[in-house]
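Structure record follows, encoded as structure tokens.
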Amino acid sequence: MFRRHGDRYVAIFAVDEARVLRKVASEVVGLLTDGFDHGDPVVGRLFPAVYPEDAANTAEFRRYTEGDLKTAKIDQAGAILAALPDGEAGGEVRLDAEAAEAWLRALNDARLAMGVRLEIKDGMDLGEELDDAVAEDPTSSRVFQLSVYAYLGYLQESLLNALID
């Protein structure tokens, strides 16, 4: 998908791909703004306790770092939104190195969030999980969500490979 062209990283997105990316990035922004709740397991995954056994020191650390980290994560998701073709169209995305790195971080955050919601565990075979979900109900939201999760991983890997080429 992503290819290096000089000092840019370029990909062509179909309308549906752009729509999915726009929705995913917008949901991350919403989670980090309106929906920000430390009781939410997704927020816990994106902002893990630095001192799991020491709530006071974790709270103190968060007091000094969480605002900047949250802003960075929102900006990274915003980098996806800014680079995607306008409106409901597909088209070309051209990223410089800084934007490509922001995309990588934002895609990682989106995958972490989805992984928590989908209860993805270490060592889980995603293909097998998707096959099981399709066998149970091919029209289920889980099939769609697992497909999006897999797509984000593919996109992340594609961009990473373009960066290291």
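Can you work out which of the residues in the stretch 16-50 that are aliphatic (A, V, I, L, M) and in a loop (DSSP other than H, G, I, E, B) is modelled with the highest pLDDT?
Looking at residues that are aliphatic (A, V, I, L, M) and in a loop (DSSP other than H, G, I, E, B), I get Val50.
Report whether or not Ala162 is surrounded by 17 or more Cβ atoms within 10 Å (Cβ to Cβ), of a type in the set (Gly, Ala, Ser) and over 22 Å from Ile74 (Cα atoms).
Spelling it out, Ala162 is indeed surrounded by 17 or more Cβ atoms within 10 Å (Cβ to Cβ), of a type in the set (Gly, Ala, Ser) and over 22 Å from Ile74 (Cα atoms).
Return yes when Glu88 is more than 13 Å from the chain's Cα centre (by Cα), surrounded by fewer than 14 Cβ atoms within 10 Å (Cβ to Cβ) and under 30 Å from Met1 (Cα atoms) and no when it is not.
The answer is yes for Glu88.
In the stretch 91-105, which residues are in a helix (DSSP H, G or I) and in contact with an Asp or Glu (Cβ under 9 Å, 6 or more places away or on another chain)?
Scanning the stretch 91-105 gives Ala97, Ala102.
Looking at the stretch 33-50, is at least one residue surrounded by 14 or more Cβ atoms within 10 Å (Cβ to Cβ) and free of Cβ contacts under 8 Å to residues at least 12 places away in the same chain?
yes
Looking at the stretch 91-138, which of the residues that are open to solvent by less than 50 Å² (accessible area, probe 1.4 Å) and either acidic (Asp, Glu) or in contact with a Gly (Cβ under 9 Å, 6 or more places away or on another chain) (or both) is farthest from Thr71 (Cα to Cα)?
Ranking the candidates gives Glu129 first.
Return yes when Ala82 is in a helix (DSSP H, G or I), within 15 Å of Ala25 (Cα to Cα) and open to solvent by less than 40 Å² (accessible area, probe 1.4 Å) and no when it is not.
No, not satisfied.
Consider Arg22 carefully, then state whether it is more than 20 Å from the chain's Cα centre (by Cα), closer than 29 Å to Leu163 by Cβ and open to solvent by 40 Å² or more (accessible area, probe 1.4 Å).
Taking the combined requirement at face value, the residue does not satisfy it.
The values are calculated or read from the model by the stated rules, or taken from the named source; none is laboratory data. Because the structure is predicted, anything quoted here is derived from the model rather than measured. FYI the Cβ positions are ideal-geometry reconstructions off the backbone, even for glycines, and counts take in every protein chain you see. In case anyone asks, the SASA skips ligands and DNA or RNA and just uses the protein heavy atoms, side chains included. Shrake-Rupley method; radii C 1.70, N 1.55, O 1.52, S 1.80 Å.
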